[in-house]
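The numbers here are math on the coordinates, done by the rules we state, and not lab data. Here the structure is a predicted model, which is why all the values come from computation and not from measurement. Neighbour counts are summed over all protein chains in view; Cβ atoms, including those assigned to glycine, are modelled from backbone coordinates with ideal geometry.
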Amino acid sequence: MAGTTPGAGLGEIAVVGGGIGGLAAALRLAGLGAKVTLYEASDQLGGLGTFFHYRSIHLERFYHCMLPSDRHLLGLLRELDLEGEVYWKQTSFGFMTRGELYPLNTPLELLRFRPLPWISRLRVGATGLWGRLRSSRGLDQVTCVEWLTRLSGRRAFETFWRPMLQAKFGDRYHEVPALWFWTRFNREKGAGPERKGYIRGGYKRIIDALAARLERQGTTLHLDAPVDRLDMDEQDRIVLAAGGKPARTFDRVVITAPAAFMRQATAGGRLSPLAAKADAGIDIQGVVNAAFMLRRPLTPHYWVAAIDADIPFQGVVESTTLLDLEDTAGVHLFYVMNYLHRSEPAFSRPEETILDEYQAGLQRLFPELRPEDFIDRFLFRSPFVEPLYTTGYLQRQPPQVLWPHRVYLANTTQVYPEVTSWNGAVGGIERLIERIQSGG
């Protein structure tokens with residue numbers, strides 16, 4: 001690149017999407033000397049890390065935590081002088097079926113897991129051990145169904161693994177590559193006892209710190225500004241119109257939002273062929289998520305899988321096994337979630353109907369719960385959470401460079417095989433910045 005600074009020649013750059021990926025991209029690009037303008041369609045920055053005001057605090061709409069292995073995110077927090085505000089606790093996992101709660105965190109607990117016969121318990125344990133020892137080579141080409149059935153046996157797969165895969169991916173679970181499972185398992189369980197982290201004051205502190213740093217660097221942040229038009233003029237400049245405002249021109253654009261908006265925004269223009277390149281035929285799973293505030297704890301576990309057919313959600317995250325009560329306004333905070341596609345009728349049902357069903361489901365799981373134990377409840381939905389992976393996904397991932405020196409993509413479809421998370425998003429941005437700096 002020409003010039004005297006590392007970012008000289010980057011010019012004016014638009015960033016589409018104000019989630020953690022968009023904020024990290026804007027921070028890195030502004031630090032390289034680019035003039036950055038960020039466009040966020042909603043009224044909040046943070047993407048899946050957006051928040052709601054509750055009593056005197058802010059809580060995330062969707063549950064979040066950090067792992068010690070989250071080097072990309074922790075590095076960013078260090079840069080923002082926030083790493084010292086993260087606190088860590090040992091957490092655990094439970095499996096609930098037919099009214100029984102089974103802790104599943106040690107070999108001894110697995111041996112006590114009565115829903116499986118002895119031989120299946122041993123084979124599940126061996127699966128975990130083999131998953132930690134073997135490399136990931138070839139696992140993108142084989143499904144979780146094939147791999148886990150071969151290692152654990154049909155009985156263990158149907159009783160133990162299938163319900164959790166189905167909870168995450170619905171009727172598309174049978175297409176998910178074993179590499180997805182291997183990466184997720186090793187992130188959670190590969191380094192001794194499970195530990196998770198949370199930042200004092202919530203994830204809003206990270207968002208606010210990023211926004212403040214960006215504004216000091218001269219970045220312009222536009223909220224309530226969905227991109228209406230994305231094109232390229234005859235001088236090969238990016239043309240972008242957002243939020244009903246007149247179009248502006250940029251030298252480059254970085255898209256961190258889901259690629260779904262591109263078909264409409266680029267229609268009829270020079271960039272229209274990029275829409276198919278960006279979505280690559282990859283569909284995205286959504287989630288309907290509720291936050292419940294209770295007067296009492298329920299289990300010692302951070303995450304409890306709930307797999308019975310009469311339960312209207314697939315898991316319970318008891319956040320206050322990790323979060324200090326001062327970070328939840330003194331209430332016990334629970335998230336329950338149902339992963340499903342945005343096209344399914346259940347995704348759009350009335351809010352109170354869903355909340356009533358979720359609350360009834362909690363009371364079926366925990367009969368000791370009384371109506372007076374419930375303090376508050378809130379429902380949040382997101383149509384775009386995690387790609388619906390298929391075998392050979394690594395070969396089908398959309399490229400980060402859609403048009404050299406002009407149009408870039410960095411969103412959740414490219415995080416795999418890393419786990420879709422804030423850490424994965426920041427890592428994706430770091431890879432993109434390397435490409436841009438190398439002349440991509």
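Some observations on this one:
- Placing a label point 7 Å from the Cα of D171 along the Cα-to-Cβ direction, the residues of region 345-381 with a backbone N closer than 14 Å are 345-346.
- Each residue of region 37-54 was assigned a 3J(HN,Hα) from its phi angle through the Karplus expression (A = 6.51, B = -1.76, C = 1.60, θ = phi - 60°), giving 10, 10, 10, 10, 5, 8, 8, 9, 7, x, x, 5, x, 5, 9, 9, 7, 9 Hz with x at Gly and Pro.
- Gyration tensor (alpha-carbon) shape descriptor, region 163-234, a/c threshold 1.5: oblate
- Shape of region 106-189, Cα gyration tensor, a/c cut at 1.5: oblate
- Placed amide H near E194: partners under 5 Å, 5+ positions off or other chain: T91
- For region 95-110, the residues whose backbone nitrogen is under 15 Å from a point 7 Å from the Cα of L129, taken along Cα to Cβ, are 106-110.
- Given R0 = 30 Å, the distance between the Cβ atoms of F374 and E109 translates into a calculated FRET efficiency of 0.50.
- Stretch gain in nm, segment H405-R263, where the contour uses 0.36 nm per residue and the Cα spacing is subtracted: 49.0 nm
- Straight-line cross-link partners of K245 among the lysines, defined as a Cα under 22 Å from its Cα and at least 8 positions apart when in the same chain: K35.
- Counting only DSSP beta bridges whose two residues both lie in the chain, roughly 70 percent are antiparallel.
- In order along region 244-259, the Karplus-derived 3J(HN,Hα) couplings, from 6.51 cos²θ - 1.76 cosθ + 1.60 at θ = phi - 60°, round to x, 8, x, 5, 10, 10, 9, 7, 8, 9, 10, 9, 10, 7, x, 6 Hz, and Gly and Pro are given as x.
- Most positive-pole-ward Cα, S319, P345, P367, against dipole of region 284-387 from beta carbon charges: P345
- Top positive-direction residue, dipole computed over the chain with Cβ charges, set L139, W403, V253: L139
- Alpha carbon centroid spacing (whole Å) that separates region 201-215 from region 341-361: 32 Å
- Think of each Lys and Arg Cβ as +1 and each Asp and Glu Cβ as -1; about the Cα centre, that makes the dipole of the chain roughly 1200 debye.
- For region 342-357, Karplus couplings with θ = phi - 60° (6.51, -1.76, 1.60), whole Hz, Gly/Pro x: 4, 7, 6, x, 5, 5, 10, 5, x, 4, 5, 4, 5, 4, 4, 5
- For K204, the aspartates and glutamates whose Cα comes closer than 17 Å to its Cα, not counting residues fewer than 8 places off in the same chain, are E40, D43, E60, E79, D81, E83, E85, E215, D324, E326, D327.
- With loop membership from DSSP and a limit of 13 other Cβ atoms within 10 Å, the longest segment of the chain without trypsin sites (Lys or Arg not before Pro) is 138-294.
- Note on region 44-58 and region 113-138: Cα centroid distance 39 Å, given to the nearest whole angstrom.
- Exceeding the 31 Å Cα-Cα cut-off - candidates K168/K196; K89/K277; K168/K277: K89/K277
- Gyration tensor (alpha-carbon) shape descriptor, region 152-286, a/c threshold 1.5: oblate
- For T143, the residues whose amide H sits under 5 Å from its own are A178, ignoring neighbours fewer than 5 places away on the same chain, with H placed 1.01 Å from N.
- In a fully extended conformation the segment linking D228 and R137 would gain 28.6 nm over its present Cα-Cα distance, using 0.36 nm per residue.
- For Q285, the residues 5 or more places off, or on other chains, whose built amide H falls under 5 Å of its own are V385, E386, L388.
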